[in-house]
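Asks: This is the structure I have questions about; it appears just below.
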Amino acid sequence: MIEAPELLATITATSRTTMENNLNAAIQAAEQRARNEGRRGILVTRLDYASYTVELSPDVPYGYTYEKHDA
């Protein structure tokens, strides 16, 4: 069975503080979910200067968080 990435959050903010707070909260939620399932890692993708996605990805080893820049 091929496992697809699971998008957990899309974050867009107008201030750096809001972005950091929302991104940290989304990553913490993703870490908890990853621990519960124990098979996928976390991929944080920067879409542009004010937008990110956080997802569980089978392309990231369990226990790791990778960053990707699409901007």
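Read-outs throughout are calculated quantities, based only on the coordinates presented, and are distinct from any laboratory measurement. Everything quoted here is computed from the prediction, not taken from an experiment. Cβ: placed from backbone, ideal geometry, glycine included. Neighbour counts: every protein chain shown.
Asks: Give, rounded to the nearest 20 debye, the magnitude of the charge dipole that the chain has about its Cα centre when Lys and Arg contribute +1 at Cβ and Asp and Glu contribute -1 at Cβ.
Replies: Its charge dipole is roughly 140 debye.
Asks: For the chain, what does the relative contact order come out to in percent, with C-alpha contacts under 8 Å and a separation of six or more? Don't skip to the end; give the middle numbers.
Replies: Details: 132 pairs, mean separation 25.5, N = 71.
For the chain, the relative contact order is 36 percent.
Asks: Quick one: what does P(r) look like for the chain with 10 Å bins over all Cα pairs, in whole %?
Replies: Final binned percentages: 22, 52, 22, 3, 0.
Asks: Additional query: Which one, Arg33, Arg16, Arg46, has the greatest fluctuation when you compute a Gaussian network model over the chain with C-alpha springs under 10 angstrom?
Replies: Ranking Arg33, Arg16, Arg46 by mean-square fluctuation puts Arg16 first.
Asks: Out of Thr18, Thr45, Thr53, any idea which swings most in a Gaussian network model of the chain, alpha carbons joined below 10 Å?
Replies: Answer for the Gaussian network model of the chain: Thr18.
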